[in-house]
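The values are calculated or read from the model by the stated rules, or taken from the named source; none is laboratory data. Here the structure is a predicted model, which is why all the values come from computation and not from measurement. In this analysis, Cβ positions are derived from the backbone assuming ideal geometry, glycine residues included, and neighbour counts consider all displayed protein chains.
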Amino acid sequence: MTSVRRQATGSMASPPEPRTRSPRAVAVLALLASAAIAAFGLTWWLVPESNPFATATSQSPASALLGPAQFAATVVATGAVGLVVAVAAAAPGALARRAPLIAGAAAFCALAVTLVLGDAGTITFAGYLFGFAAVVAGIVTTAVLVVRAPRLGVPLLALLAALVGIAVWSAGLTWTGVTTFLTKFGAALAANGVLVLISAVSVAAVLSWTAMAILAGRTTREVRRFEGSLVRHRRALTVLAALGPLPYAVMRASWLTPWPLFAPASDELDPAMLTTGLMLGAGAVAAILLTLGLILPWGREFPAWMPRIGGRSVPARLAVVPGFAAASVITISAVPLFLVSLDAESFGEIIVFDLVLPMWFWGPMLALAVWAYAAWRRGDTTGDAAR
């Protein structure tokens with residue numbers, strides 16, 4: 001009895017050693033992203049006019065401080081360092097021998113990419129794509145619910161119909177406005193294909209480096225204890241993360257009223273602009289719901305009304321990978337957006353801008369919430385009892 005009691009006490013006092021997981025797949029993604037970053041920098045060094053960060057319309061924190069040649073060299077260096085770290089991390093037994101070093105180097109690489117290639121356009125492109133996907137997913141989900149779970153689907157359909165009615169008859173939404181927005185959106189994506197590619201590579205790099213830092217860090221007792229703390233507070237962290245897009249959602253929802261915030265007067269609001277705002281607002285609402293899913297039952301098990309997969313366990317990666325990717329997008333854009341806010345005419349406007357778009361808070365908090373969810377689903381930290 002005494003030995004059992006000692007074993008139980010010991011298991012509560014220190015986290016169990018996690019299984020060593022090979023970061024090879026993550027390292028390969030980091031390797032590819034780093035190679036692309038180095039190629040970007042080399043291209044901009046040899047052909048300066050091809051550098052999109054040389055213009056005022058697209059700037060990162062590093063490009064705002066450095067000249068074109070210095071910036072290109074910095075990008076090459078960032079990619080080169082990433083290549084070295086990725087190769088070292090992919091070596092057999094690297095975690096067992098150099099875990100703290102790899103974790104620190106990976107965290108440094110994630111920060112370097114954020115500061116060197118972070119651009120406000122990243123969240124813009126992602127926001128439009130996610131908002132459009134949210135609208136489509138909302139329509140499909142409502143249709144499925146009406147058939148498979150009418151008690152929930154019919155009221156939801158009525159709510160959506162009421163919102164569309166308000167948007168059309170009160171706010172001035174038109175079909176022409178919708179098609180005009182879609183046309184301009186498609187043209188903007190085509191015209192900014194290079195920036196979209198740079199943003200995608202940057203997000204892949206930050207995502208892979210963050211994952212590598214966590215994988216390597218988990219072999220240390222300090223990080224495992226930190227994970228235990230995250231799991232114990234995962235509900236609070238998730239609620240805080242869900243508050244990130246809330247101000248933006250409220251602001252866009254006000255466009256359905258006679259008192260639209262951060263927009264022209266309601267009678268001067270262009271239908272295409274209204275379509276844009278409402279779609280982005282739908283994306284913000286979807287982000288809130290998906291974030292809360294990290295602590296709600298359907299974050300662990302698919303709802304019964306979902307065809308074929310209803311009742312099955314949700315694969316942790318299905319939430320963790322998109323969650324970390326979203327956190328990467330938001331965090332990458334945090335510093336550039338803050339710099340944009342400094343162009344406001346008054347200190348009060350700066351505060352309002354950074355509260356309506358709190359990327360500085362939302363990105364890191366979402367990353368912590370997703371990390372807590374991942375550790376909770378893994379079930380091998382000191383916070384396991386928090387389930």
Open item on the list: Tell me the residue from Arg252, Arg312, Arg317 that is basic (Lys, Arg), within 20 Å of Gly177 (Cα to Cα) and at pLDDT below 95, please.
Closed with: Arg252
Open item on the list: Need the failing condition index for Pro247 against (1) within 19 Å of the chain's Cα centre (by Cα); (2) under 19 Å from Phe353 (Cβ atoms); (3) assigned to a loop (DSSP other than H, G, I, E, B), just the number.
Closed with: (3)
Open item on the list: Kindly evaluate Val85 against the criterion of being surrounded by 14 or more Cβ atoms within 10 Å (Cβ to Cβ), more than 21 Å from Ser328 (Cβ to Cβ) and either of a type in the set (Gly, Ala, Ser) or under 28 Å from the mean Cα position of the chain (by Cα) (or both).
Closed with: no
Open item on the list: For the structure I just gave you, tell me whether Val329 is β-branched (Val, Ile, Thr), part of a helix (DSSP H, G or I) and under 28 Å from Val146 (Cα atoms).
Closed with: no
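Applying the selection to segment 301-315, what residues are touching a Gly at 6+ places or on another chain (Cβ under 9 Å) and either surrounded by 13 or more Cβ atoms within 10 Å (Cβ to Cβ) or not in a loop (DSSP other than H, G, I, E, B) (or both)?
Within segment 301-315, Glu301, Phe302, Pro303, Trp305, Val314 meet the criteria.
Given the structure, is Ala282 among the small types (Gly, Ala, Ser), in a helix (DSSP H, G or I) and farther than 17 Å from Leu357 by Cα?
Spelling it out, it is not the case that Ala282 is among the small types (Gly, Ala, Ser), in a helix (DSSP H, G or I) and farther than 17 Å from Leu357 by Cα.
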Open item on the list: For segment 174-193, check the following and say yes or no: at least one residue is closer than 18 Å to Pro260 by Cβ and over 29 Å from the mean Cα position of the chain (by Cα).
Closed with: yes
- [ ] Search segment 142-194 for residues being surrounded by 14 or more Cβ atoms within 10 Å (Cβ to Cβ) and polar (S, T, N, Q), and hand back the single one that is farthest from Met306 (Cα to Cα).
- [x] Asn192
Open item on the list: Filter segment 318-354 down to the residues that are more than 30 Å from Glu301 (Cβ to Cβ), surrounded by 17 or more Cβ atoms within 10 Å (Cβ to Cβ) and touching a residue at least 60 places away in the same chain (Cβ under 8 Å) and list them by number.
Closed with: Ile332, Ser333, Ala334, Val335, Pro336, Leu337
- [ ] Would you confirm whether any residue within segment 372-387 is touching a helix residue (DSSP H, G or I) at 6+ places or on another chain (Cβ under 7 Å), at pLDDT below 90 and of a type in the set (A, V, I, L, M, F, W, C)?
- [x] yes
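Go over the candidates Ala107, Ala89, Ala103 one by one and state the one that is among the aliphatic types (A, V, I, L, M), farther than 22 Å from Trp45 by Cα, in a helix (DSSP H, G or I) and at pLDDT below 90.
Selected residue: Ala89, the only one of Ala107, Ala89, Ala103 that is among the aliphatic types (A, V, I, L, M), farther than 22 Å from Trp45 by Cα, in a helix (DSSP H, G or I) and at pLDDT below 90.
For Ala253, indicate whether it is surrounded by fewer than 22 Cβ atoms within 10 Å (Cβ to Cβ), of a type in the set (Gly, Ala, Ser) and under 23 Å from Phe185 (Cα atoms).
yes
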TODO: May I ask you to say which residue of Ala286, Ala272 is surrounded by 15 or more Cβ atoms within 10 Å (Cβ to Cβ), over 25 Å from the mean Cα position of the chain (by Cα), closer than 30 Å to Gly165 by Cα and not acidic (Asp, Glu)?
DONE: Ala272
